[in-house]
1. Would you mind putting 374-382, 525-533 in packing order, based on average other-beta-carbon counts within 10 Å, highest first?
2. Please say if segment 133-183 is rounded, prolate or oblate, where rounded means a/c under 1.5 for a ≥ b ≥ c the square roots of the C-alpha gyration tensor eigenvalues, and otherwise the choice is prolate for a/b larger than b/c and oblate otherwise?
3. Sort all Cα-Cα distances of segment 466-544 into consecutive 10 angstrom bins from zero, then give the percent of pairs in each bin up to the one containing the longest distance.
4. Calculate the spin-label point distance for residue 183 paired with residue 127, positioning each point 7 Å from the Cα along the beta-carbon direction, and give it in nanometres.
5. Using the Karplus equation 6.51 cos²θ - 1.76 cosθ + 1.60 (θ = phi - 60°), what ³J(HN,Hα) coupling, rounded to whole Hz, does each residue of segment 512-525 give in order, writing x for Gly and Pro?
6. Helix 376-400 versus the longest principal axis of the chain: what is the Cα-based angle in degrees, 0 to 90, to the nearest 10?
7. Percent relative contact order of the chain, based on C-alpha pairs within less than 8 angstrom and at least six residues apart?
8. Evaluate the distance, in nm, between pseudo-label points positioned 7 Å from the Cα of residue 486 and of residue 135 along their respective Cα→Cβ axes.
Amino acid sequence: MKILIAEDENITRHRLEKFLEEMEYEVISCKDGLDAWEVIQSEDAPNLMILDWIMPGLDGTEICRRIRKQAREPYTYILLLTSKTEKDDVVSGIEAGADDYIIKPFNQNELKVRLNAGRRIVEMNKELLEARNVLRNKAIYDELTDLYNRHYMKEILEKEYARAWRHQTDLSCLLLDIDYFKVINDTFGHSFGDFVLREFSDCLKREVRRYDFVFRYGGEEFMVLLPNTDVDGALNVAENIRSICESKVYKDGNNSTVATVSIGAASVKRHQPSESNKLIAFADKALYRSKSEGRNRVSVYLKDSSVKSGEEKIREAEDFSYLKQNISAILEKTKKASIQSLFFMVRNLGAAKYLKHNHQAIRYIELMGERFNLPPSIVESFKNAAQLHDCFKFMLEKALKSESTGLSISEKREIESQPDMMAELTGLFDFFAHERSILQHHHENYDGSGYPMGLKGNEIPLGARIFATVDAMVAMVSERPYRKNLSAEKVIEEFANNVGSQFDPKLVLLLFDIVEKQGLLSVPEAVMVKAKKKVQEAMAKCQT
């Protein structure tokens, strides 16, 4: 094992060198701290060191601090050599990052014992590091093909997608599927099928750049991520892979076959996916087109009309469901952009408390959506409504100045008309029909005493009832300028006291269940049991 010694006293240094060489260490000897630091910065720096506490350039404790800041791997074991004997000095040396110390003039037997202990620590750390690397390899690599696996793909895709947007570069995705692979397995057996997958994987690795990413997506499907590559560059890579695969013969000594590949391509700049997973979805649709059009070909997601053939145009026109899906995706993107624009405007106007309230409300909406097992599109509408609500509420209150105390009758009427105002503002966005309904009726009460229309029970849209429940929860646990937030016990009691009148009993019971299971509020068990009983009684009364 290599060992570094840094000692400015010649006699002590030479004595150390001789002793360590007799112990069969490979010794790197330095006369001062600066020389030692230069060695430490090199790639093959030792992980076992003896440093003099006081020496020119850098003293031993400063080198300790620098090493510990670097979090070097494997672990570096540091033994301080010092003439200091006071306990406070020793403590300061250990606090600087030293593992142990030995007093000058050193005793050889003592030094040997301490070095052996340090050596065991370094070796154990190396073993742990190797074990960790083995586990990491299993976590990120596919065992059969030695490509990155699908689990690691999600992490890399998210990073590369974010980098592409941040730096305004391109990122292309290829999805590849070996044609008729099931036939190969059925004809030659799974062992030969595995051989084909390994050979195909090796081919992929050879045909991409060293900073591209190749993944086994699943079964006979593969994915290639091409950073800083536009769709035309991706097509060149894909066509090259397709051509090589078309002419490749798979032979293992007993069996022989050929296998073509179908490929779908998409890119961030060409197709503008709203999230990383959409990039894969686009490439997947392109792959489906390659399969449906005869396999052994490369297709791009929604190719420009300028490069489409007449037959392709007719085929896409006939695929009405596909057309609807893409129009819906465009509208959904427009909705998100509209809400983000409103959010940015409100944020810039100084609505920090509204944004905090909104973040909490959306969290509860997601939890309730999960418990109801609602479709993602419906939950998204509820979340959109919550965002619009807080944006519009801030802007309306700013315009109407309705947050003052001691409101006049006309001011109260202005507040009561806010749901209609919100609905009218939402109506400016034709694609917010569901959100409009939620905003218009979120002040309706379950017993019909609310406004603006006095709807009762299930007449009130579910989204409006959910939002009213969530909004009340967040309001009660949040601090306001005119009052402090309620205690967890008071929040639960407030819901129980107003269930059946203001709130839907079923939703309140569901909210209580979420609060308990998620640990969102610290409520005494007796209080929760009493509150649930009250809610169940109200529910039975409503059903009667």
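The values are calculated or read from the model by the stated rules, or taken from the named source; none is laboratory data. Everything quoted here is computed from the prediction, not taken from an experiment. Neighbour counts run over all protein chains shown; Cβ positions are idealised from the backbone, glycine included. Heads up: the accessible areas ignore ligands, DNA and RNA and are worked out on the full protein's heavy atoms, side chains in. Shrake-Rupley method; radii C 1.70, N 1.55, O 1.52, S 1.80 Å.
1. 374-382, 525-533
2. Working: a/c = 4.02, a/b = 1.30, b/c = 3.11.
Note, shape of segment 133-183 comes out oblate.
3. That works out to 19, 54, 23, 3, 0, in percent per bin.
4. If labels sit at residue 127 and residue 183, their model points lie 5.4 nm apart.
5. Calculated HN-Hα couplings, in order: 4, 4, 5, 4, 5, 6, 8, x, 6, 10, 8, 10, x, 4 Hz.
6. 70 degrees
7. Numbers: 717 pairs, mean separation 37.3, N = 544.
RCO, the chain: 7 percent.
8. About 4.6 nm separates the two model spin labels.
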